[in-house]
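The structure under discussion appears below in the form of structure tokens.
The values are calculated or read from the model by the stated rules, or taken from the named source; none is laboratory data. All values reported here derive from a predicted model rather than from experimental measurement. Because the Cβ atoms are built from the backbone with ideal geometry, glycine has one as well, and the counts that use them run over all protein chains shown. Each accessible area value is taken on the protein alone, full model and side chains, heavy atoms only, with ligands, DNA and RNA left out. Shrake-Rupley method; radii C 1.70, N 1.55, O 1.52, S 1.80 Å.
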Amino acid sequence: MGDVPLIELRIPRGALPRRMLTAFLGLCAGCGALTLLLKLTGLPGGGAAGALALGFLLASAGAAAAMRGDDPAFTADGVRLKAFAWDRAQVLVPWSEIDRMWIARPRGYDYLYLLPRDPDRHLRAGGLLRARIMARIAADRGSALQIHLPADGLPPDRIRTAVEEFSGGTVHIGPAPRIP
């Protein structure tokens, strides 16, 4: 980055959330139209189509919620990210508190995982469901703090370089830990 002072490097979420939102809204509209058609013609199945429309509407709300807020970023102070996809605010994990970072590809998508020295300090409160989901992610992948790395976003090599530059060489992206 040369003589330019480092301020932050945002990790764009890419087109995936917008595509998901568009797909869910399209399915919601289709199921809603089917519900109306079945009700007008008196054919059975209107209730099931209505339930599907409601389900896709709720999925759309979830996709829209995941798009809120700033993109995750590397800053001179640390890594700024949401502790949970639907959080309104982000948490900042200082470079000095990062135990390890790695990139993994579960289910075909790249993610950057971050394991703080004290994970509980960076998890936001928010009810039993959130705590259970985050505990499950932590058990499955070794860290509940993660950032989706979209294919149309920053390449992993650029992320590795940025981590080393922003952390002053104190944090490196290593291999994924073995999860039992």
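Key figures
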| read-out | value |
| --- | --- |
| The listed residue being part of a strand (DSSP E or B) and modelled with pLDDT under 80, out of Leu25, Leu58, Leu9, Leu21 | Leu9 |
| Pairs where the first residue, in the range 151-177, is aliphatic (A, V, I, L, M) and the second is at pLDDT 90 or above and exposed (fewer than 14 other Cβ atoms within 10 Å of the Cβ), C-beta under 7 Å, 6+ apart | Val163/His172 |
| Flag if Ile133 is touching a residue at least 24 places away in the same chain (Cβ under 8 Å), closer than 17 Å to Lys82 by Cα and open to solvent by 50 Å² or more (accessible area, probe 1.4 Å) | yes |
| In the range 45-59, residue least open to solvent (accessible area, probe 1.4 Å) [restricted to those that are among the hydrophobic types (A, V, I, L, M, F, W, C) and over 29 Å from the mean Cα position of the chain (by Cα)] | Ala49 |
| Test: Arg80 is at pLDDT 85 or above, open to solvent by less than 50 Å² (accessible area, probe 1.4 Å) and closer than 30 Å to Arg178 by Cα | yes |
| Test for Leu154: is it open to solvent by 30 Å² or more (accessible area, probe 1.4 Å) and either in contact with a Gly (Cβ under 7 Å, 6 or more places away or on another chain) or at pLDDT 75 or above (or both) | yes |
| Criterion (at pLDDT 80 or above and either more than 15 Å from the chain's Cα centre (by Cα) or open to solvent by 30 Å² or more (accessible area, probe 1.4 Å) (or both)) met by exactly one of Arg124, Arg68, Arg88, Arg117 | Arg117 |
| The range 157-174, residues that are open to solvent by less than 40 Å² (accessible area, probe 1.4 Å) and either more than 11 Å from Ala76 (Cα to Cα) or among the acidic types (Asp, Glu) (or both) | Ile159, Gly169, Val171, Ile173, Gly174 |
